[in-house]
Amino acid sequence: MSLYGDDCYFYYYSTCNKGTVCPYRHVPEARGNETACTLWKAGQCTRPACRYRHMEIVVSITLVNMKI
Ligand SMILES: [Zn+2]
Ligand SMILES: [Zn+2]
């Protein structure tokens, strides 16, 4: 697991079986957060254990599509 980079899909949506050897981000503070990190989108997030999500939030994408 990492505190930087892209979020682990399995950690945030179910359970990550890789645990501590997973190369993706596992941050408990970001787990209930549905706000994507704007700095991460720009490739500039260097905050350790950033509490915003480092993945595209599927719910928001669906809402955007519904407005169109
Ligand atoms: Zn993981
Ligand atoms: Zn971030």
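Quick note: the coordinates plus some simple rules give every number you see, no bench work behind them. Quantities reported herein were computed from a predicted structural model and do not represent experimental measurements. Every residue, glycine among them, receives a Cβ derived from its backbone with ideal geometry; neighbour counts consider all protein chains shown.
Under a 5 Å amide H cut-off, with hydrogens placed 1.01 Å from N, R25 pairs with S2, D6, D7, C8 among residues at least 5 apart or on other chains. Here the 3J(HN,Hα) profile of segment 17-31, calculated from phi with Karplus coefficients 6.51, -1.76 and 1.60 at θ = phi - 60°, is 6, 7, x, 6, 8, 5, x, 9, 7, 10, 10, x, 5, 8, 5 Hz, Gly and Pro shown as x.
Amide H to amide H, with H built 1.01 Å from N, N33 comes under 5 Å of no residue 5 or more places away or on another chain. The per residue volume of the convex hull around the alpha-carbon atoms of segment 1-62 is 73 Å³.
How do R47, R25 line up, fewest other C-beta atoms within 10 Å first?
Ranking R47, R25 by Cβ neighbours within 10 Å, fewest first, gives R47, R25.
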